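Peer 1: Just dropping this structure here.
The values are calculated or read from the model by the stated rules, or taken from the named source; none is laboratory data. Since this is a predicted model, take the numbers as computed values, not measurements. Methodologically, a virtual Cβ is constructed for each residue, glycine included, from the backbone with ideal geometry; neighbour enumeration extends over all protein chains shown.
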Amino acid sequence: MVSHNHLSTDDNTSSLTAEEQAELEQLEYEAAMYDSAASAADPELAASLEAKAAKAWERIAEIYQAHGIDNSGDPEAAPKTNDPTILTIAQADQLVDDVAQLLPFPTTLDADMGGTWANQIYFGDQIDESTGCPIHRAGIDPDEEDPVWWLDFDRGARQIISDLGPYTSVTDVADWIIANTTGGES
């Protein structure tokens, strides 16, 4: 796993636009997630995740360099810009996509348009005719105070709530989903 510096509030970040600050927060979150997932992944997947993390860290450095800001401080001393209890829709969507790619059964991603607006993983052979999506789903809700991964079976007739949060390795989340399903069915 590659170690990287976190964004520092000691630097003069006032020259950053709101869009750049939001991008930095998103990039740091993604890079940390990829780094975390890479540590638990098989070598081939780990290399791919580390490459994604490296790209995110490179972009962070580019943004800071463009503003003449030094972000080379001690990563342990620098506060993180992302709060583990806050999860954006974009972050949730990225996590859902990463987990879905690790599942050994067919999945469909679809946004929860009546709730969080975040993508969810739909799976299983039975299709809900009203939505066109399978009747089983998994996800993590960005609007929760402490977001955790959940499974919803048979259109919500049965639910399993995990203690796995947004910083849990996507490999661990996929393993949890697999352990609680049988070939994509409940």
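Peer 1: Filter the stretch 159-185 down to the residues that are surrounded by fewer than 14 Cβ atoms within 10 Å (Cβ to Cβ) and closer than 11 Å to ARG137 by Cα and list them by number.
Peer 2: GLN159, the sole residue that qualifies.
Peer 1: Turning to a different aspect of this structure: Residues to consider are ALA22, ALA56; find the one that is at pLDDT 75 or above, of a type in the set (A, V, I, L, M, F, W, C), surrounded by fewer than 16 Cβ atoms within 10 Å (Cβ to Cβ) and under 16 Å from the mean Cα position of the chain (by Cα). Can you show your working first?
Peer 2: On the way: ALA56 fails: surrounded by fewer than 16 Cβ atoms within 10 Å (Cβ to Cβ).
Just a single option satisfies the conditions, and that option is ALA22.
Peer 1: Quick check on my filter: what residues within the stretch 118-139 are among the polar types (S, T, N, Q) and farther than 15 Å from ALA92 by Cα? Before you say what the answer is, go through the steps one by one.
Peer 2: Start the filter on the stretch 118-139 by keeping residues that are among the polar types (S, T, N, Q), which leaves 119-120, 126, 130-131.
Once the filter is applied, which keeps residues that are among the polar types (S, T, N, Q) and farther than 15 Å from ALA92 by Cα, the stretch 118-139 yields GLN126, SER130, THR131.
Peer 1: Name the residue that is surrounded by the most Cβ atoms within 10 Å (Cβ to Cβ), counting only residues in the stretch 148-158 that are within 18 Å of ASP110 (Cβ to Cβ) and in contact with a strand residue (DSSP E or B) (Cβ under 7 Å, 6 or more places away or on another chain). Walk me through how you get there before you give the answer.
Peer 2: Filtering the stretch 148-158 down to residues within 18 Å of ASP110 (Cβ to Cβ) leaves 149-156.
Filter once more, so that each one left must be in contact with a strand residue (DSSP E or B) (Cβ under 7 Å, 6 or more places away or on another chain): 149-155.
Details: TRP149: 25, TRP150: 18, LEU151: 20, ASP152: 19, PHE153: 18, ASP154: 13, ARG155: 15.
So, considering only residues that are within 18 Å of ASP110 (Cβ to Cβ) and in contact with a strand residue (DSSP E or B) (Cβ under 7 Å, 6 or more places away or on another chain), the one surrounded by the most Cβ atoms within 10 Å (Cβ to Cβ) is TRP149.
Peer 1: For the stretch 148-186, give me each residue that is assigned to a strand (DSSP E or B) and charged (D, E, K, R).
Peer 2: Within the stretch 148-186, the subset assigned to a strand (DSSP E or B) is 149-153, 158-161, 182, 185.
Across the stretch 148-186, the qualifying residues are ASP152, ARG158, GLU185.
Peer 1: Here's a follow-up. If I go through the stretch 167-185 residue by residue, how many of them are at pLDDT below 90 and touching a helix residue (DSSP H, G or I) at 6+ places or on another chain (Cβ under 7 Å)?
Peer 2: Within the stretch 167-185, residues that are at pLDDT below 90 and touching a helix residue (DSSP H, G or I) at 6+ places or on another chain (Cβ under 7 Å) number 1.
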